[in-house]
């Protein structure tokens, strides 16, 4: 297809560029969401909230389970900050 294909698809270049930008933003958001250091920091803040009486034990357990699930997913993905992991 080559040159002819590029010429025919030229009107769609802004859409293709926008899709690329959206994919990059989503990838970065996902990287930050599963960053083990960020999850550990959230766990620490959660414990501080429990100790300060801002949340009860039930709420703490629910939120802690969510954060631990994220941490486990991060470890399985082998993302940055995990033992033996590589950046993807």
Could you give the Stokes-Einstein D for the chain in µm² per second, using the C-alpha Kirkwood radius, 37 °C, 0.692 mPa s? 205
For the chain, what is the calculated [θ] at 222 nm in deg cm²/dmol (nearest 500), taking -39500 (n - 2.57) for each run of four or more DSSP H residues and dividing by its residue count? -25000 deg cm²/dmol
What is the extension gain from residue 26 to residue 45, computed as 0.36 nm multiplied by their sequence separation minus the C-alpha to C-alpha distance, in nm to one decimal? 4.3 nm
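What is the calculated FRET efficiency for residue 18 to residue 76, with r their C-beta to C-beta distance and R₀ = 22 Å, to the nearest 0.05?
Between residue 18 and residue 76 the formula returns 0.10.
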How would you rank 46-52, 5-11, highest first, on the average number of other Cβ atoms within 10 Å across their residues? 46-52, 5-11
Estimated distance in nm for a label pair at residue 69 and residue 37, the labels positioned 7 Å out from Cα along Cα-to-Cβ: 2.6
For segment 35-77 the translational diffusion coefficient, Stokes-Einstein from a Kirkwood Rh over Cα pairs at 37 °C and viscosity 0.692 mPa s, in µm²/s, is roughly 312
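Each value in this text was obtained by applying a stated rule to the coordinates, not by laboratory testing. Quick caveat: nothing in here was measured; it's all calculated off a predicted structure. Note that we place each Cβ from the backbone using ideal geometry, even for glycine, and neighbour counts take in every protein chain shown.
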